[in-house]
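Following: one structure in structure tokens, then a few remarks.
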Amino acid sequence: MALAKVKSIALVGLRGELVDIEVDISDGLPGYSLLGLPDAALLESKERVRSALQNSGAPWPNKRVTVSLSPAWLHKSGSGFDLPIAIALLLAQGAMPIRKLEDHIFLGELALDGSIRPIRGVLPALLAAADRGITTAVVPLSNAAESNGITGVKSIAVSHLNQVITFIEDGVIPEVDLEEINEMSTSHLDLSEVVGQKRARLALEISAIGGHHLLLIGPPGTGKTMLAERIPTIMPPLTREEAVEVAAIHSVAGAFGERTLNTRTPPFVSPHHTTTATAMVGGGAHFIRPGACSMAHAGVLFIDEAPECKPGVLDSLRQPLESGSVAISRATGTVTFPAYFLLVLAANPCPCGRFNGKGRACTCSSMQIRRYLQRLSGPLLDRIDIRTFVEVPTRVELAASEAGESSGVVRTRVIGARAVAAERFENDRWRTNSQIPASQLRSRFRAAKAGMAFLHRELDHERLSARGYHKVMRLAWTIADRNGVAIPGLEEVESAYLLRQGVEIS
Ligand SMILES: [Zn+2]
């Protein structure tokens, strides 16, 4: 047989397309041509495939070889087609008995010695395969964790080309220690480990209930990071759908890490303040990869020392904050990744970090202090409802060493309060209090009389801006949901007002 065909999957963002790999071997001058919009990495597949075949003791045809990837219009990138090309080459040479491979796909990069290397995006590729009636997927062993547990597709994890040949010839499936791979990763963090910090803990809970973005201000060493990284533990667990979506994004980013399809804890992603706008929102020349804000989808994006970010980096978050997704355009088309995340920024109070409102220890001028936090641009601050000072725990708090509430207890309250809000917004296009439009706050979502009176007084005395007013109102609704109150009263409004304390920076 001089013609053979096997299947694989090409990814466009998170979307997978079935690709046919056809190999034709004909008489004529020895040569190798690859058709079907391959990128540079794919063009180099010839050398990898040839070495891998020869080093595995398999034949390489000294003839004219044409490899065609279809559909032809689809851009194909990366090294994941090495394995299917090698298999099609073997079949076309008659080096393997023909078995029905119509419902099989092959994914994997070949090393020169024939071993199989991991590739990006195995999880979304397999989800697409399942949709298209594929029943068996041959995948790199290192990607086994993400290919496990996809309904309808049996995955065969392989580490060497010889294992694939044996599988096709005799149906022998290499043994894999699934237990090791399938080990569930659960977060070991818990809110009970945070000592004191009563106000910050409340800020975290309110943020998790209402989806309110958060700014934590405090000197270094006060535990801002410790607080932030525990937010996912008090958020409602991801739904099955969300878990698959998050796992798919992490798979495409090549950062599957400890997540599995069964990981229900929302992701926590904390890019360093020196990160670039591209790393933040995604991009890349050949292979478009998701950025930090898509990795944080359905979870928390935490940026420590946010005022130190390079100009433009924080502003790049405006589009995803607005739309819940990131669209990346290239000559080859536009790729969209979901990016609906809770933004948590941390900042020192001033350049030297020691400002505590009392002026002691800090060497910065009042102008410097003001300017420092103003580096967080206005449009971004507009989206941040909660601004909380995190203080060094006092000696009394540390000595008390009384454990705070655990994440589980807080999470139960968060889930309950979210359910109340979801019911209220049943016929609306938003789901959380942070998304209530300003116009609706002025009409449908007012506070009780005493609460409104308090706010009007603050407005009159110019202690509250119009913008601040809307934020306090949204927070008051979240606090009401938490406290089981139907409409926010004076207590909820005052409590919301306190969550916006601190230097006036917006
Ligand atoms: Zn200072």
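Summary table
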read-out: Count of residues meeting criterion [of a type in the set (A, V, I, L, M, F, W, C), within 14 Å of residue 138 (Cα to Cα) and in a loop (DSSP other than H, G, I, E, B)] in the stretch 98-126; value: 3
read-out: Some residue of the stretch 476-484 being modelled with pLDDT of 90 or more, open to solvent by 50 Å² or more (accessible area, probe 1.4 Å) and not basic (Lys, Arg); value: yes
read-out: Residue match in the stretch 299-316 (condition: more than 16 Å from the ligand (Cβ to nearest atom) and without any contact (Cβ under 8 Å) to a residue 24 or more places away in the chain); value: yes
read-out: Within the stretch 311-339, tally of residues that are touching a strand residue (DSSP E or B) at 6+ places or on another chain (Cβ under 6 Å) and loosely packed, with under 15 Cβ neighbours inside 10 Å; value: 1
read-out: Filter result for residue 396 (over 28 Å from residue 266 (Cβ atoms), assigned to a loop (DSSP other than H, G, I, E, B), aliphatic (A, V, I, L, M) and open to solvent by 10 Å² or more (accessible area, probe 1.4 Å)); value: no
read-out: Residue within the stretch 217-225 that is under 30 Å from residue 480 (Cβ atoms), touching a Leu at 6+ places or on another chain (Cβ under 6 Å) and either in a helix (DSSP H, G or I) or of a type in the set (Ser, Thr, Tyr) (or both) present; value: yes
read-out: For residue 387: the one exception among (1) surrounded by 20 or more Cβ atoms within 10 Å (Cβ to Cβ); (2) charged (D, E, K, R); (3) within 12 Å of the ligand (Cβ to nearest atom); value: (3)
read-out: Residue that is surrounded by the most Cβ atoms within 10 Å (Cβ to Cβ), among those in the stretch 263-284 that are assigned to a loop (DSSP other than H, G, I, E, B) and in contact with a strand residue (DSSP E or B) (Cβ under 8 Å, 6 or more places away or on another chain); value: 266
read-out: Residue list for the stretch 356-377, filter: more than 26 Å from residue 300 (Cβ to Cβ) and not charged (D, E, K, R); value: 356, 357, 359, 361, 362, 363, 364, 365, 366, 367, 368, 369
read-out: Which listed residue is assigned to a helix (DSSP H, G or I), in contact with a helix residue (DSSP H, G or I) (Cβ under 7 Å, 6 or more places away or on another chain), in contact (Cβ under 8 Å) with a residue 60 or more places away in the chain and open to solvent by less than 50 Å² (accessible area, probe 1.4 Å), from 23, 49, 6; value: 49
read-out: Answer residue from the stretch 325-376, given it is among the polar types (S, T, N, Q), in a loop (DSSP other than H, G, I, E, B) and touching a residue at least 60 places away in the same chain (Cβ under 8 Å) and is farthest from the ligand (Cβ to nearest atom) among those; value: 332
read-out: Those residues of the stretch 442-454 which are assigned to a helix (DSSP H, G or I) and surrounded by 23 or more Cβ atoms within 10 Å (Cβ to Cβ), in sequence order; value: 451
read-out: Condition met for residue 295 (open to solvent by less than 10 Å² (accessible area, probe 1.4 Å) and under 30 Å from residue 15 (Cα atoms)); value: no
read-out: Residue tally, condition modelled with pLDDT of 90 or more and either aromatic (Phe, Trp, Tyr) or open to solvent by 60 Å² or more (accessible area, probe 1.4 Å) (or both), over the stretch 462-475; value: 1
read-out: Total residues in the stretch 469-485, condition assigned to a helix (DSSP H, G or I) and without any contact (Cβ under 8 Å) to a residue 60 or more places away in the chain; value: 7
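The values are calculated or read from the model by the stated rules, or taken from the named source; none is laboratory data. Just so it is clear, the structure is predicted and the values come from calculations on it, not from any experiment. All Cβ positions, glycine included, derive from the backbone under ideal geometry; neighbour counts span all protein chains shown. Accessible surface areas use protein heavy atoms only, side chains included; no ligands, DNA or RNA. Shrake-Rupley method; radii C 1.70, N 1.55, O 1.52, S 1.80 Å.
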